[in-house]
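The values are calculated or read from the model by the stated rules, or taken from the named source; none is laboratory data. Just so you know, these numbers come straight off a predicted model, no measurement behind them. Please note: Cβ atoms are built from the backbone with ideal geometry, for glycine as well, and neighbour counts cover all protein chains shown. What goes into the accessible areas is simple: the full protein's heavy atoms, side chains included, and nothing from ligands, DNA or RNA. Shrake-Rupley method; radii C 1.70, N 1.55, O 1.52, S 1.80 Å.
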Amino acid sequence: MVTVDEADQGLPERKFGWWDMWVPEDEDPRQDGAFENSERAMLLGFLSDYRLTLEMKCAGLDPAGLAKASVPPSDLSLLGLVRHLAGVERSWFRRILAGEDVPAPYVVDGVDTEFSGAVADPAVVEEAWATWRGEVANSEAFVAAHADLGWIGADGQTPLRRVLIHMIEEYARHCGHADLIRERVDGRVGQ
């Protein structure tokens, strides 16, 4: 069993300050709530900002850093989060809303490998980002094609509005995880 003291050995000292943000404030790609005052613009804006935050939290890490597990015995990693969120995007937008018969991207022989398969291999990292970006692009195109947020998905019960709110919640939760994982990887905090 690993004690707290043992788990903390070798970690960089925690430092936080506005001087150490990911990007200068005037170069931050996120809108931080400065959206048009409409329901659609707010929902899509916050979802976009959280997607950008995930990318920012992963920026500059090599495959080993992206695959580094949070704390034993957990296999939660930044790369695992990217893989997980690709699956979440696919499930809600393709399967539930669009009614497509597509498999979950990281289920192998009935076993979910989103996190266990997130290994420090450049090809695995490249594939994960390509899958996530492809699913985000599909989700954005799906939303753009449906002006009515009350539109009911192919499952006959799920409105588009509910999925957008759920996706914001999903990304917000996992961006919180990403904050802590990134700090564990290299001490980087903020934004």
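Structure summary
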read-out: Subset of the range 77-94 [more than 11 Å from ILE181 (Cα to Cα) and among the hydroxyl-bearing types (Ser, Thr, Tyr)]; value: SER91
read-out: Among (1) touching a Lys or Arg at 6+ places or on another chain (Cβ under 9 Å); (2) surrounded by fewer than 15 Cβ atoms within 10 Å (Cβ to Cβ); (3) farther than 29 Å from VAL189 by Cβ, the one test that LEU149 misses; value: (2)
read-out: Those residues of the range 52-65 which are in contact (Cβ under 8 Å) with a residue 60 or more places away in the chain and under 14 Å from HIS174 (Cβ atoms), in sequence order; value: THR53, LEU54, MET56, LYS57, CYS58
read-out: Residues of the range 75-102 satisfying the condition of being over 23 Å from LEU52 (Cβ atoms) and either open to solvent by less than 40 Å² (accessible area, probe 1.4 Å) or modelled with pLDDT of 95 or more (or both); value: ARG95, ILE96, ALA98, GLY99, GLU100, ASP101, VAL102
read-out: Qualifying residue in the range 57-72 (condition: of a type outside the set (Asp, Glu), surrounded by fewer than 20 Cβ atoms within 10 Å (Cβ to Cβ), modelled with pLDDT under 95 and within 15 Å of the chain's Cα centre (by Cα)); value: yes
read-out: Residues (more than 19 Å from the chain's Cα centre (by Cα), open to solvent by less than 60 Å² (accessible area, probe 1.4 Å) and without any contact (Cβ under 8 Å) to a residue 12 or more places away in the chain) located in the range 157-189; value: PRO159
read-out: Enumeration of residues in the range 103-119 that are in a loop (DSSP other than H, G, I, E, B) and open to solvent by 30 Å² or more (accessible area, probe 1.4 Å); value: PRO103, ALA104, PRO105, ASP109, GLY110, PHE115, SER116, VAL119
read-out: Residue that is in contact with a helix residue (DSSP H, G or I) (Cβ under 8 Å, 6 or more places away or on another chain), at pLDDT below 95 and under 22 Å from GLY45 (Cβ atoms), where the choices are GLY150, GLY176, GLY190; value: GLY190
read-out: For SER74: the one exception among (1) more than 20 Å from GLU183 (Cα to Cα); (2) not in a helix (DSSP H, G or I); value: (1)
read-out: Candidate set: the range 126-142, residues that are under 13 Å from GLU55 (Cα atoms) and in contact with a helix residue (DSSP H, G or I) (Cβ under 8 Å, 6 or more places away or on another chain); chosen: the one most open to solvent (accessible area, probe 1.4 Å); value: TRP129
